[in-house]
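Colleague: Here's a structure for you.
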Amino acid sequence: MEQTAPTLAELQTLIEMTGTINMEVFYWWCTGLMVIIHAGFLAYEMGASRLKNALASGVKNILAFAFIVPTFFFFGWWIYLAMYNGFTPDFEAAVAGLPWSTSMGPNLTDNATGIFWGAFVLFAATTASIFSGAVIERIRMSSFLVLAIVLGSGVWILGASWGWHPDGWLTKEWGFHDFGAAGCVHMIAGFFALGVTINLGARIGRFAPDGTPILIKGHSMPMTIIGLMLIIVGFFGFLGGCIIYAGGAQWTTIFGTPVTLSAVSFNTLMSFSGGIIGAYFITRQPFWMMSGGLAGIVSAAPGLDLYYPPLAFLLGITGGVVAPLADKILTEKFKIDDAVGAFAVHGVSGMIGLIALGIFSGFPNVVEGAPDISFSGQLMSAAVMALLGFVPGFGLSYVMAKVGFLRVPPKAEIAGLDLVEVPLEAYPESVPATETPVKTSTVTA
Amino acid sequence: MEQTAPTLAELQTLIEMTGTINMEVFYWWCTGLMVIIHAGFLAYEMGASRLKNALASGVKNILAFAFIVPTFFFFGWWIYLAMYNGFTPDFEAAVAGLPWSTSMGPNLTDNATGIFWGAFVLFAATTASIFSGAVIERIRMSSFLVLAIVLGSGVWILGASWGWHPDGWLTKEWGFHDFGAAGCVHMIAGFFALGVTINLGARIGRFAPDGTPILIKGHSMPMTIIGLMLIIVGFFGFLGGCIIYAGGAQWTTIFGTPVTLSAVSFNTLMSFSGGIIGAYFITRQPFWMMSGGLAGIVSAAPGLDLYYPPLAFLLGITGGVVAPLADKILTEKFKIDDAVGAFAVHGVSGMIGLIALGIFSGFPNVVEGAPDISFSGQLMSAAVMALLGFVPGFGLSYVMAKVGFLRVPPKAEIAGLDLVEVPLEAYPESVPATETPVKTSTVTA
Amino acid sequence: MEQTAPTLAELQTLIEMTGTINMEVFYWWCTGLMVIIHAGFLAYEMGASRLKNALASGVKNILAFAFIVPTFFFFGWWIYLAMYNGFTPDFEAAVAGLPWSTSMGPNLTDNATGIFWGAFVLFAATTASIFSGAVIERIRMSSFLVLAIVLGSGVWILGASWGWHPDGWLTKEWGFHDFGAAGCVHMIAGFFALGVTINLGARIGRFAPDGTPILIKGHSMPMTIIGLMLIIVGFFGFLGGCIIYAGGAQWTTIFGTPVTLSAVSFNTLMSFSGGIIGAYFITRQPFWMMSGGLAGIVSAAPGLDLYYPPLAFLLGITGGVVAPLADKILTEKFKIDDAVGAFAVHGVSGMIGLIALGIFSGFPNVVEGAPDISFSGQLMSAAVMALLGFVPGFGLSYVMAKVGFLRVPPKAEIAGLDLVEVPLEAYPESVPATETPVKTSTVTA
């Protein structure tokens, strides 16, 4: 090729192959960066646990990841390809997702499947990790794993097939648009967590006999907030994975509409900042500031491709203000113990996000025959996502609770799960206190 | 396109679009990796605080990030585009940076602005984080935020417009060259920190009544050094962001001179290693080893594109040796309390870096009419950067100190900022000792 | 170029330059992500140390990195280019690796060397970090550094030249294939560690007088397992760095055989998950779960380009099951104290990986004249890697032990290395207990 000038067709092949391998590289880095989300969740959930449960929380988080990968290989990916019509599988379209398909493994003529599958697995593991924080310190290991697999390799990917797929029926019928997966990832995980926490019940000591909530403090807030910042790092992989790289053409969303990474860069940073600031003014403390930052991104996620950045900032503030308040209501009014506020941060913010895009609607869709983005379309789709998360979470955990399979015995909970589940100590040389030191917050700077 | 051979013009469009989206990808990853710098700074500054101030340090760090993003959107980016001549804004060139410009948001014909803006915001947040470490454990939250915004969305970006811009007057007039932003990021942040620490004063107990310095130890050195290693990870995003990706052409520096990533790879790793080794021989301890590694990179940063790698290694050693010594002089001679050595690590090393490139000068510039890199040009530019950082930091904090707005009351400082500012405890289950255990370092291995 | 249509030759140049700079970008991110491996190792090894040795372990880890970079510049890279024939250097081929070569520094006509060198340096630092965990809490700093340099800038790169090089004699003669460096990185580091631990001896208190092993617990298991998850993040850089990016052509392995990143994505995630699950069923604890995940990837590493993903999953389970059992045998039968199980996780799993690919052999090689991948070829090559790691590690440490240079004095070991080596405390405000609290693991959930 260096000697004689190439033909036009040869050059075209060269350019297209350049696009193909760069596409692979892009999703490879998305996947790698999303693993940081799991380093973050590990730190976050262990730090949010009391000393006596720190390692048990870590074990659950790691195992959820480990079980989602093979189940997502064996049936999760197939669900995504098959179920975009609702409940009627398209067996033909999903042939490529059968575990014995030639696309599901090394295949020199398919540079795409493995890399997309990898990114989707990490999304799946993220949904499971969102859920896992809510139920720490009292759920039984085996029931947790069943629920995590159902959520990570079943429910969320069904939601993705419906509303985060080029042919998903929510988009085709209702014009649904959700750039950053606020629906299928965040809302579904949050509402699934809500369903489970209702049946699981509060941790012993979380409410006084008269129903007054008593805050159970995690043993290491620094570990938790560093973990949350690592999750934000991973969001750059997550949000990158929400875009279609198409070689020598403009980026598109998963719905085929054009987008630039520049738009996502503006709006991600603006909504994250808004969320921190919103939560700061409500709570003044770093757990909610970082959770608020997350809630801010989720609240703008459906329109990160479309919003004017100051609007993303305002939506971020909204998410950051609402999340701690929603969690307060959940705890004080409904007496539900969601240990890390997963429902408020992901479920509520995801809903805000979907509905907000309906309010600022009118953007066209390019899917054949799909209506424009509309308030009603976003609202109805949000309701579908809420139900799709809540019903399986509530139903399955209801049955588990009935057969006494959902929760560890009170004796084990009081002794601490590390003692009964993990043959290892978190900090063998430290001296845990038996009482939490009293702190008065009346002095102000 | 698959059926018939494309025309030359079609192929050209295809290639150029490939270049455009790969450019976006490149800066997107730079931005994502730079968020790791903030996970690192969070760990680093909380670990370097005493137990009673750990969360308050984290809150400040997170809030600085959050406030810099919108302010950098509303005026920071405009300053960069407008002020390259000095103090006379070029209103025309800066139109694209006005917050209502069509470039400042989703725009399918502009794949560049948002992604560059994102990378610059992360640079801005880095300058603020460099500063924030110096003032922990006694600065008032509100005054800190004002200072952080002035530095992060004002002063440093003015310096960048002057000396880290294709048309910056420092380059045009004096041939200034600073590949890795040793001037506008590190020197300005370091000298700003110096200016503020002078007016802020030392923490209570930092000096004995006779002036002898008493080391105040951070509560978790492991957290601090892991944080510093994460900052080094983020440097790969930072230094990547110092290069111009131009599609199908050789990389250039921000000054238009050609460079390869290979050169930066060699010199970054060599100067980092040199810095660690230099600091190890002086101090034998990991806080300064990791800070020395940072100082090493900064000391070679202006010429990472130009140096022979063993020279970068020697400059790294120089930075690693000088930083702890400079901090010792600052503390012992000048009785200034810079809690993490920010001035020594960033201010002094940045100055070493700029002047060193002047010593090894003679490299040509390509900016129209710009003189070659010279000793005098680098020296004068270093003086400009020092002043540009110091004067606003000192001036503003002087006024704040005069009106009693700069520092928390002694009662709050003694009680600990977590108690007075943060309604949350860092480690509710641990038992903090009231006294630091005595350690004698006379035994040697 | 915008005005008139380009010629075919101009377009070709444009495309090829696009490939060149994207190649640089790819390895630049590999290098940056591999620095996360070192943030991970830092957390992992400090967490696995007792309080009294935490910082000393960190110092060793950081210094190993720092010393490997320049030594790899001055002779490591040369070894790789020169020694592919065995022990007869090819001086001509290695001219480009001499430290005064024009390729070993900024060179606008060589976009490749620095970026490859950078990735290889990070591989080198990883081998040293694998080794460093095994010998914590009693090795002398200076002897550790000599051993780390010999391993990181000498032994492993000789192994890479033999078996991880397009012309390496192991491939040419025996058809050796090892996609993910299970041999030259993991086996060599693991067997080197084995050789050193034999001569170094167990930590005081590791075995009762009758030889019964007594587990020495690291002071922070959360820090250790977060560190291990960060290492997994870095593996995406490491495994990316095992592939050749060739511009507009399909990816190849280092042996020239074609591969896709998709294949690596499938098999990395599947083998990691298998390893976690395997280790969970044997041990139920997170240290071994995360180590098992690592062992799982290493057990599948030689064939990540070739395996059907469920096979990678099974190999992962195998690695995850065998690693803790191998470590148990090493400790209980052979009374060897490998503080983090480095030999079991890297040495044993690497050997499993190489031999497993021999069992599933028959894949063709493309190196001129090289035989197909075969059981005997993989087995013999594994033996070579084992010896190449073990002999220098054992021999050198044997001499060091004889001259009393290998280990710190018992008094220093009992007092703790932080006290004698590091003028800084890990946690100045915490109260370390003198005894480990008793824990009974008989209660089950």
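Colleague: Near C:LYS335, which aspartates and glutamates are there with a Cα under 20 Å away, not counting those fewer than 8 places off in the same chain?
Modeller: C:GLU137, C:ASP210, C:ASP327, C:GLU413
Colleague: More than 21 Å apart: what percent of Cα pairs in the stretch C:217-333 qualify?
Modeller: For the stretch C:217-333, the share of Cα pairs beyond 21 Å comes to 41 percent.
Colleague: Oh, and also: With all protein chains present and a 1.4 Å probe, how do A:GLU429, A:GLU10, A:GLU137 order by accessible area, largest first?
Modeller: A:GLU10, A:GLU429, A:GLU137
Colleague: Still on this structure, I have one more. If amide hydrogens are placed 1.01 Å from N in the peptide plane, which non-local residues have theirs closer than 5 Å to the one on B:PHE207?
Modeller: B:ILE214
Colleague: Please tell me the relative contact order of chain C in percent, rounded to the nearest whole number, where contacts are Cα pairs under 8 Å and at least six residues apart.
Modeller: It rounds to 23 percent for chain C.
Colleague: In addition: What distance in nm separates the two pseudo spin-label positions at A:ILE214 and B:GLU16, each 7 Å out from Cα along the beta-carbon direction?
Modeller: 7.0 nm
Colleague: Rg to Rh ratio, chain B, alpha-carbon atoms and Kirkwood radius?
Modeller: When Rh is taken as the Kirkwood radius, the ratio is 1.00.
Colleague: Could you sort out which of B:LYS333/B:LYS411; B:LYS172/B:LYS328; B:LYS217/C:LYS411; B:LYS52/B:LYS333 sit more than 31 Å apart by Cα distance in this structure?
Modeller: B:LYS172/B:LYS328
Colleague: Between C:ASN85 and B:ALA9, what is the spin-label point distance in nm, taking each point 7 Å from the Cα along the Cα→C-beta axis?
Modeller: That separation, rounded to one decimal, is 5.7 nm.
Colleague: Okay, moving on. Just name one of B:LEU417, B:ALA386, B:GLY163: the one whose Cα is farthest towards the positive end of the charge dipole of chain B (beta-carbon charges, Lys/Arg +1, Asp/Glu -1).
Modeller: My answer, from the dipole projection, is B:LEU417.
Colleague: Shifting gears a bit: Using a 1.4 angstrom probe on the protein heavy atoms only, could you order A:TRP117, C:TRP78 from most to least accessible area?
Modeller: The residues order as C:TRP78, A:TRP117, largest area first.
Colleague: Now, a different point. Treating the point 7 Å from Cα along Cα-beta-carbon as the label, what are the nm separations from A:GLU173 to the other copies, to one decimal?
Modeller: When each copy's label point is compared with this one, the spacings are 6.8, 6.8 nm.
Colleague: Please check: in the Gaussian network model of chain C (C-alpha springs, under 10 Å), which one of C:ILE188, C:ILE157, C:ILE336 has the largest mean-square fluctuation.
Modeller: C:ILE336
Colleague: Between copies, how close do the B:THR7 label points come, placed 7 Å along Cα→Cβ, listed in nm from shortest?
Modeller: Reported distances to equivalent positions: 2.1, 2.1 nm.
Colleague: When the Cα centres of the stretch B:1-58 and the stretch C:286-317 are compared, how far apart do they sit, in Å?
Modeller: Each part's Cα centre sits 30 Å from the other's.
Colleague: I'd like to know which of B:PRO89, B:ILE136, B:SER103 lies farthest towards the positive end of the charge dipole of the stretch B:24-153, counting +1 on Cβ of Lys and Arg and -1 on Cβ of Asp and Glu.
Modeller: Most positive-ward Cα: B:ILE136.
Colleague: Testing the spin-label approximation: label points 7 Å from Cα along Cα→Cβ at C:TRP100 and B:VAL399. State their distance in nm.
Modeller: A separation of 5.9 nm, rounded to one decimal place.
Colleague: Would you work out the Kirkwood radius for the protein assembly as shown? I mean one over the mean of 1/r across all pairs of different Cα atoms, in Å.
Modeller: It is 30.9 Å.
Colleague: Identify which of B:PHE390, B:PHE191, B:PHE131 has the largest mean-square fluctuation in a Gaussian network model of chain B, with springs joining Cα atoms closer than 10 Å.
Modeller: Taking springs between Cα atoms under 10 Å, the residue moving most is B:PHE390.
Colleague: Over all directions, how big on average is the projection of the convex hull of the alpha-carbon atoms in the stretch C:155-289, in square nanometres?
Modeller: Projected over every direction and averaged, the Cα hull of the stretch C:155-289 covers 11.3 nm².
Colleague: Return one number: the angle in degrees, 0 to 90 and rounded to the nearest 10, between the long axis of the Cα atoms of helix C:309-332 and the longest principal axis of the Cα atoms of chain C.
Modeller: Once rounded, one gets 30 degrees.
Colleague: Now for a different question. At 1.4 Å probe size, with no ligands or nucleic acids counted, give the accessible surface of A:MET380 in Å², nearest ten.
Modeller: 80 Å²
Colleague: Note the direction-averaged projected area, equal to a quarter of the hull surface, for the Cα convex hull of the stretch A:24-152, in nm².
Modeller: Averaged projected area of the stretch A:24-152's Cα convex hull equals 8.6 nm².
Colleague: Here's a follow-up. Counting alpha carbon pairs within less than 8 Å and at least 6 residues apart, what relative contact order, in whole percent, applies to the stretch A:196-319?
Modeller: Reported relative contact order: 22 percent.
The values are calculated or read from the model by the stated rules, or taken from the named source; none is laboratory data. Bear in mind that the values here come from a model prediction, so they are computed numbers and not experimental data. Backbone-built Cβ (ideal geometry, glycine too); neighbour counts: all protein chains shown. Note: areas computed on protein heavy atoms with side chains; ligands, DNA, RNA excluded. Shrake-Rupley method; radii C 1.70, N 1.55, O 1.52, S 1.80 Å.
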